[in-house]
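I have placed the structure first, in the form of structure tokens, so that the comments after it can refer back to it.
The values are calculated or read from the model by the stated rules, or taken from the named source; none is laboratory data. Bear in mind the structure is a predicted one, so any value in this text is a computation, not a measurement. Cβ placement follows ideal geometry from the backbone for every residue including glycine, while neighbour counts extend to all protein chains displayed.
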């Protein structure tokens with residue numbers, strides 16, 4: 001297998017999206033559930049990144065925990081420790097091995 005074949009194979013095991021946002025009350029959390037377009041052969045690693053106002057203004061008050069990971073999807077629990085209701089946008093990537 002050539003280097004290019006390996007690269008294509010690796011890239012076929014990645015899915016990513018930008019999530020427009022979930023409104024989370026002050027001092028609370030909300031869950032968002034995601035289903036992959038194509039199931040992975042095993043449980044992938046999921047990485048999240050907060051974007052927009054929640055990242056720029058309220059950094060340190062917003063966190064995301066990835067739970068219930070399976071080959072077909074995952075749940076993101078979005079926490080808001082600030083004193084204001086926030087619409088929290090984030091992007092995620094699932095990487096299969």
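Below, the figures for the structure above:
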read-out	value
So residue 74, is it modelled with pLDDT under 95 and assigned to a strand (DSSP E or B)	no
Count of the stretch 48-71 residues which are part of a loop (DSSP other than H, G, I, E, B), loosely packed, with under 13 Cβ neighbours inside 10 Å and modelled with pLDDT of 90 or more	1
